[in-house]
1. Relative to the longest principal Cα axis of the chain, at what angle does helix 64-74 sit, 0 to 90 degrees, rounded to 10?
2. Between rounded, prolate and oblate, where does the chain land on the alpha carbon gyration tensor, with a ≥ b ≥ c its root eigenvalues, rounded for a/c under 1.5, else prolate if a/b exceeds b/c?
3. Considering lysine pairs in region 1-147 that are 8 or more places apart or on different chains, how many have Cα atoms under 24 Å apart?
4. Return one whole number: the accessible area per residue of the chain in Å², for a 1.4 Å probe.
5. Per the 1.4 Å probe, what fraction of the accessible area of the chain, in percent, lies on carbon and sulfur atoms?
6. With every protein chain kept in the model, how would you rank 29, 157 by accessible area, 1.4 Å probe, largest at the top?
7. Gain in length, residue 137 to residue 168, computed as 0.36 nm per residue apart minus the alpha-carbon separation, to one decimal in nm?
8. Using a Förster distance of 45 angstrom, determine the FRET efficiency expected from the C-beta separation of residue 43 and residue 80, and round it to 0.05.
Amino acid sequence: MRVFPDPKTGLYQMEWREDGRRLTRSLKHRDWRRAKRQADEFAAGYANPEPNGRKEAEPEPLTLGMLSDIYGEEVTPTKRPRSRYHDRAAMRMFLRFFARRRDPATFSQRDWDRFIRVRRAGRIGPSGKPVTNRMVQYDLTFLIAVFNWAARSRDEHGRPLLVSNPLKGLKMPKAKNPTRVNHAA
């Protein structure tokens, strides 16, 4: 009997041998103490190998924090250093603003507009200073990329992490064109 985190999802797995076969079940959570208790109860014969005693447990609802962790482990490391830095800073900002436990599927136009107002004013972000529409656009492009990736990615049971991107089609703030000086000779 052993308990270990899945390297891709971080969800704890329980592994044991039965009739010479190695069997593995996902415990569908990231709580070490709970996983240890479930494994001890199973080993003692008090519980069956399925989480919560059901054949197929309900998946743990996806939160913005979980999505951030998964994206940060699987996608961010493949990027260049400057992009990795922006990913981490932007995700910290989004987690503070929207909360780790927020369901990504519930994002709406109101959240989008509120973030734009607050970010533009400098009330959220690493510098604490007002930023241009270009910087807001950069941050929101990252969030859309995370949600698009989640809509294309699947969990260990083949279910999409996110059914669809709730931010798809929302308008980005426009960066104003700079006034260019014509240096005609």
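The values are calculated or read from the model by the stated rules, or taken from the named source; none is laboratory data. Keep in mind that this is a model prediction, so the values were computed, not measured. Cβ coordinates were reconstructed from backbone atoms using ideal geometry, including for glycine residues, and neighbour counts include every protein chain displayed. Surface areas here come from the heavy atoms of the whole protein model, side chains and all, with no ligands, DNA or RNA. Shrake-Rupley method; radii C 1.70, N 1.55, O 1.52, S 1.80 Å.
1. 90 degrees
2. On the way: a/c = 3.06, a/b = 2.79, b/c = 1.10.
Judged from the Cα gyration tensor, the chain comes out prolate (a/c at least 1.5, a/b above b/c).
3. Pairs that pass both the separation and distance tests number 7.
4. Values: 12140 Å² over 185 residues.
Per residue, the chain has an accessible area of 66 Å².
5. In the chain, the share of accessible area belonging to carbon and sulfur is 50 percent.
6. Working: 29 5, 157 80 Å².
My answer, sorted largest first, is 157, 29.
7. Extending this stretch completely gives an extra 9.8 nm.
8. Working: r = 46 Å, r/R0 = 1.03.
Between residue 43 and residue 80 the formula returns 0.45.
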